[in-house]
Amino acid sequence: MGDPDGQHDARNATRPDRDQRADRKPRRSGESGKSRKGGPSHPQARSLARELDHCMLRDRVRLRSQIRRLTPQSSSGELDRIRDRIERSAELLERRTALTPRIEYPPELPVSERRDEIADAIRTSRVVIICGETGSGKTTQIPKLCLELGLGRAGMIGHTQPRRIAARSVADRIASEMRASVGGIVGTKVRFGDKTGPDTLVKLMTDGILLAETQGDRRLEAYDTIIIDEAHERSLNIDFLLGYLRQLLDKRRDLKIIVTSATIDPERFAEHFALPDEHGVVRPAPIIEVSGRMYPVDIRYRPRVGRDGSEPEFEGRESDLSMAEAIVEAVDECATQGPGDALIFLPGEREIRISAKELRNAHPEAGHGRDLEILPLYARLS
């Protein structure tokens with residue numbers, strides 16, 4: 001075997017020492033007037049770099065890299081191509097800014113009353129945690145508030161939902177409130193369906209879609225704001241996204257992240273996104289709580305009786321009435337109270353199909369111009 005120390009010396013003999021490596025380390029062209037290769041940069045490189053602030057986010061990194069590679073020997077055609085790309089990107093940003101509609105907020109929503117406080121938190125913090133009960137309006141109004149703050153121009157406002165049907169319905173609602181159509185300034189992207197374009201400012205999508213986009217856009221340069229809605233559901237996709245976004249904050253200081261959740265342990269989200277303030281002190285993300293709209297609710301307990309009208313549960317026997325049959329009787333009882341809708345929660349698609357079939361058998365006139373209409377809803381619907 002050879003001498004280990006001799007091998008070490010031989011390896012060191014072929015390497016420059018630390019000071020030499022430091023001297024040869026390339027510097028940014030905007031700071032030293034040299035290109036990335038170490039030689040002098042193009043005389044117009046610095047002025048071109050300043051124009052990148054007026055470009056789309058997704059174009060800035062690529063164009064900055066191209067500008068750094070410019071040298072005095074670069075052809076005029078290469079310079080013209082970079083300048084043309086900058087102009088096209090700036091025109092797109094200008095057009096997207098002009099597309100922003102006048103924002104209005106429904107006064108009956110609790111989040112509308114707190115919009116000044118929420119706007120101030122989004123303006124001053126890179127991450128904001130918003131807690132609100134169902135009906136507070138956070139899902140539909142927060143994207144509009146971001147638009148009013150000037151976000152969504154250089155990059156889209158990405159707004160995630162746990163399910164496809166939620167992404168579509170939220171997009172329809174936001175577009176309606178802004179007097180727009182889905183596919184324009186408000187777009188959706190779900191599996192097997194993409195209704196977005198170059199003018200899309202707010203993009204509704206599922207958590208899985210955003211997670212998949214990280215493979216081709218690791219820094220998520222297509223977005224300047226990410227809204228993770230219904231984060232309390234804690235699906236595998238949401239957990240992956242929360243971890244990925246926390247790491248991304250160290251690389252993109254221009255990114256805004258808003259996490260909305262029900263009032264279930266919001267402190268854990270705030271601690272996860274803790275960041276140093278201007279004094280270097282690490283502080284948790286601010287939490288804003290918004291109340292929901294409360295409506296009077298009557299709770300009635302209806303025992304699952306047997307076919308003969310008895311209550312076998314209280315006699316130690318199981319009811320001979322199936323769950324679907326019991327649902328039919330409960331719906332018929334509700335119908336005697338006057339007009340209205342009935343929302344029935346069931347554990348899965350199979351139970352939903354069986355109950356819908358029983359309701360149709362009991363009411364063959366349903367869906368034929370009569371008052372009763374049966375609408376099964378489950379995740380696999382198109």
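The values are calculated or read from the model by the stated rules, or taken from the named source; none is laboratory data. Quantities reported herein were computed from a predicted structural model and do not represent experimental measurements. Here the Cβ positions follow ideal geometry from the backbone for every residue, glycine too, while neighbour counts run over all protein chains shown. Surface accessibility is based on the protein's heavy atoms, side chains included, excluding ligands, DNA and RNA. Shrake-Rupley method; radii C 1.70, N 1.55, O 1.52, S 1.80 Å.
Need the full-extension length gain, Glu133 to Arg219, defined as separation in residues times 0.36 nm minus the C-alpha distance. One decimal, nm.
Numbers: separation 86, 0.36 × 86 = 30.96 nm, distance 3.16 nm.
My answer for the length gained is 27.8 nm.
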Plugging the Cβ-Cβ distance of Ser75 and Arg268 into 1/(1 + (r/R0)^6) at R0 = 51 Å yields, to the nearest 0.05, a FRET efficiency of 0.35
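Mind checking the full-extension length gain between Asp277 and Arg350? Use 0.36 nm per residue of separation minus the Cα-Cα distance, one decimal, nm. Before the final figure, lay out each step's value.
On the way: separation 73, 0.36 × 73 = 26.28 nm, distance 5.15 nm.
Fully extending the segment from Asp277 to Arg350 adds 21.1 nm.
Over region 123-175, with every protein chain in place, what whole percent of the accessible area is carbon and sulfur at 1.4 Å, could you tell me? Write out the running numbers ahead of the final one.
Numbers: 810 of 1670 Å².
Carbon and sulfur: 49 percent of the exposed surface of region 123-175.
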Of the accessible area of region 208-297, computed with a 1.4 Å probe and all protein chains kept, carbon and sulfur make up a percent value of 53 percent
FRET efficiency for Val297 and Leu99 from the Cβ-Cβ distance with R0 = 30 Å, rounded to 0.05, comes out at 0.10
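For region 40-122, calculate the relative contact order in percent as a whole number, restricting contacts to Cα pairs under 8 Å that are 6 or more residues apart. Write down the numbers at each step before the final one.
Numbers: 48 pairs, mean separation 25.6, N = 83.
Relative contact order of region 40-122: 31 percent.
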If each part is reduced to its alpha-carbon centroid, region 146-214 and region 235-275 end up apart, in Å, by 19 Å
Ordering 155-166, 181-192, 371-382 by per-residue average of other C-beta atoms within 10 angstrom, highest first, gives 155-166, 181-192, 371-382
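Within region 73-172, list the GluC sites (Glu not before Pro) lying in a DSSP loop whose Cβ has at most 10 other Cβ atoms in a 10 Å radius. Walk me through the intermediate numbers first.
Details: sites: Glu78, Glu87, Glu91, Glu94, Glu104, Glu108, Glu113, Glu117, Glu133, Glu148; in loops: Glu104, Glu108, Glu133.
Sparse-neighbourhood loop GluC sites (Glu not before Pro): Glu108.
Assuming R0 = 30 Å, can you tell me the calculated FRET efficiency for the pair Tyr378 and Leu149, based on Cβ-Cβ distance, to the nearest 0.05? Don't skip to the answer; put the middle values down first.
Numbers: r = 37 Å, r/R0 = 1.24.
According to the calculation, E is roughly 0.20.
Highest mean first, how do 122-132, 170-180 rank when packing is the count of other Cβ atoms within 10 Å averaged over residues?
Numbers: 122-132: 20.4, 170-180: 17.6.
Going by the mean number of other Cβ atoms within 10 Å, highest first, we get 122-132, 170-180.
How much length, in nm to one decimal, is gained on full extension between Ala335 and Ala119, taken as 0.36 nm per residue of separation minus their Cα-Cα distance? Mind dumping the intermediate values first?
Details: separation 216, 0.36 × 216 = 77.76 nm, distance 4.47 nm.
Once the chain is fully extended between Ala335 and Ala119, it gains 73.3 nm.
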Residues meeting the amide H criterion for Ile288 (H placed from the backbone, H to H distance under 5 Å, 5 or more places apart or on another chain) are Ile129, Ile130, Cys131
